[in-house]
Amino acid sequence: MKPITKRIRRTMLASAIALSYAASASALLLLLSVPVSALDRPLIVPSGDGQITQPVLPFPDPTAPDRMFYGQQTPNGKLTLTASNGFFDSGIRAGGQSSDKDAAGVEFIGPDFEYLDQWNKPLTTPFGYFGTSFKADGTSSGTANFSLWSFSTGKPKPQEQWSHMLVAGSSEAEFGSFGHEGSGVKLRGDWQPFGNDTREVTLALRGEISGPWVHWFGYFLDPKTERFRLYAAAATWNGNKPMRSLNPGAFVEQPGPPDRERSGDLVRDIQRRGWMLDEEKKWHAIDTMDAGKGLAAKQWGKTDEGWLSMGMGGMVYQEGSGKPITLDPAAQTKPDWLHGAQALKDLFKLPAAIGSRKITDITRTSAKVVVPLSGLDLAAGEKATLTVFYGPEDCLTFDRELGYREVKTRFWHHRSTPISATDGDNIIELSDLAPGTNHYLRIQIGSPRGRIWSFETDHFLTPP
C-alpha cells in the first residue's frame with residue numbers, strides 16, 4: 001500500500017487537501033474537522049479622515065521579514081487597506097488612522113462593515129464538495145453540502161453521463177440540483193444532520209466503482225449518538241476507468257463577492273485529522289500536509305495533540321515554504337467511536353437494499369415488476385413505500401426538470417402509485433404501456449430512514 005499523504009493547495013480564500021491512496025475498486029476516507037478561530041478581532045475605523053488608496057504590492061513586516069502586509073504604507077509607518085484587499089472599491093474614504101495594533105505592533109486602518117456570520121470548510125472530492133459551514137462562534141450551521149458536478153458552464157455533456165443522486169439519508173431531505181458556475185446535483189430540504197450547537201464535525205466518504213460509474217457514499221458522525229449515519233449517495237461518470245485514488249481535499253473559505261462580504265481581514269482557521277481504510281479494513285492515519293508555496297494570507301501548521309491546521313484571511317501575508325508538515329505517529333490516536341465492528345458496519349449501511357429486479361408477465365400493454373428488498377429496518381408503526389418510475393427513455397434518477405441553463409432535462413414522466421414495501425419480494429404492475437416499445441424503469445424506496453433509488457436502470461420490450 002502506498003503511503004498516505006495529505007497535501008495543501010491554496011487559492012485566495014481557500015485551502016485544499018489532497019490525499020493519495022493505493023488504487024482499488026473501493027476506498028473510504030474519514031476526516032474530522034474543528035473550527036479554531038472563527039473570528040480574529042474585528043478592525044475598527046476611528047474618527048478622522050483617511051483615503052483608501054489604489055492597490056500596491058505587498059511590503060515586509062519589519063519585525064519578521066518572512067511576513068508581508070498587503071496595503072499602502074503611510075508616511076508615519078501605519079498601514080492603510082487598499083482595494084486589492086477586497087474590502088473597498090477604489091476611492092472610497094474611511095475615517096482616520098487607527099491607533100489599534102496587530103500582534104506585530106503594526107498600526108493600520110480597518111473598514112467599518114457588517115460581516116456574514118458563516119464560513120465554509122467542506123471536503124473537495126473528485127465529484128465536488130462534501131461538508132458544512134460554521135457560524136462566527138465556531139458552531140456548525142447544522143446543514144451539509146453534498147454537491148456533485150455534471151458539467152461546467154458552456155460545456156454540457158450528454159445526459160447519459162450526468163451525475164445523479166441515489167440516496168438521501170433522511171425523509172426531510174430532497175433530491176435537488178444547482179446551476180450557477182457549473183451544473184450538478186445535491187441534497188436540499190430542511191434536514192440539519194449536525195444540529196446547530198456542535199463545534200466538531202466528522203465526515204466519512206466512500207467510493208466504489210460500478211461499471212462506467214463511481215458510486216459515492218457520504219456519512220457523518222451523529223454528535224448525539226456518536227455513531228455514523230448516511231447523509232447521501234450519488235453517482236458520477238467515470239467511463240470505465242480505474243479509480244486511482246480517492247483524491248479528496250478540504251478548504252476554508254468565506255463566500256461572498258466584495259460588495260457583500262468584507263471580512264477578509266478576519267482569520268478563519270480549522271484543525272483536521274483523518275484516517276483512511278485499506279482493502280483489509282485497517283485504518284491508517286493521515287499524517288502529512290504539504291504547506292502551500294508563495295505569498296498569501298494563509299497559515300499552515302500542526303498541534304501537539306496530533307492535528308493538522310490551516311487558515312485563511314487576516315492582514316498578514318506569509319511566504320509558504322511548500323515543505324511537508326508531518327505529524328508525530330504517537331499523537332495520532334483513534335477516537336473511541338472508530339474502534340470496533342459497529343463503526344465499520346455503520347459506514348456501509350443504507351436505508352434499504354434493493355435486489356435484482358425481474359420483469360414478468362409482459363404483454364403488449366402491461367408488465368409486472370418484482371422488487372426484492374432487505375434491510376428496511378422499520379420500527380413498530382413505521383412504513384416504507386415503493387414507487388416505479390418508467391418511460392420510453394432512460395432518465396437515470398431525474399423525476400423533474402433540473403433547470404440547467406444550457407440543456408433541458410430528460411426526466412421520468414410516468415410513475416406508479418406507491419405501494420407499501422416490506423422485506424422480501426414486492427410486486428407492482430405497470431399498465432397502459434405502448435406496444436412494441438422499449439421501456440425503462442427505476443425503483444425508489446421511501447422510509448423514515450430516507451429515500452433510495454435502484455442504482456441501475458432496468459428495461460424490457462413489449463411485444464407489437
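Only the coordinates and a few stated rules stand behind these numbers; no lab work does. The structure presented is a predicted model; accordingly, all values stated were derived computationally and were not measured. Positions of Cβ are backbone-derived with ideal geometry, glycine not excepted, and every protein chain shown enters the neighbour counts.
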- Note on the structure: To the nearest 20 debye, segment 292-359 has a Cα-centred charge dipole, built from +1 on Lys and Arg Cβ and -1 on Asp and Glu Cβ, of 580 debye
- Query: What is the set of long-range amide H partners of residue 318 at a cut-off below 5 Å, with H atoms built 1.01 Å from backbone N?
  - Reply: 68, 296, 297, 298
- Message: Projecting each Cα onto the charge dipole of segment 353-461 (Lys/Arg +1, Asp/Glu -1 at the beta carbon, about the Cα centre), which of 457, 404, 447 comes out farthest on the positive side?
- Response: 404
- Item | Sequence of 146, 151 once ranked by neighbouring C-beta atoms within 10 Å, starting from the fewest | 151, 146
- Task: Order by neighbour count: 216, 149, fewest other Cβ atoms within 10 Å first, most last.
- Result: 149, 216
- When you count, for each residue, the other Cβ atoms within 10 Å and take the mean per peptide, how do 406-419, 341-354, 385-398 rank with the highest first? 385-398, 341-354, 406-419
- Task: Arrange the following residues from fewest to most other Cβ atoms within 10 Å of their Cβ: 370, 201, 267.
- Result: 370, 267, 201
- For the modelled label position 7 Å from the Cα of residue 190 along Cα-to-Cβ, which residues of segment 438-457 have backbone nitrogen atoms closer than 18 Å? 447-451
- Message: Placing unit charges on C-beta atoms (Lys and Arg positive, Asp and Glu negative, everything else neutral), compute the dipole magnitude of segment 353-461 about its Cα centre in debye, rounded to 20.
- Response: 200 debye
- Give a residue-ordered list of calculated ³J(HN,Hα) values for segment 349-363 (Karplus: 6.51 cos²θ - 1.76 cosθ + 1.60, θ = phi - 60°; whole Hz; x for Gly, Pro). 8, 10, x, 6, 10, 9, x, 5, 7, 10, 9, 10, 6, 6, 10
- Note on the structure: Packing-ranked peptide list from 358-369, 159-170, 432-443, 178-189, highest mean Cβ count within 10 angstrom first, is 159-170, 178-189, 432-443, 358-369
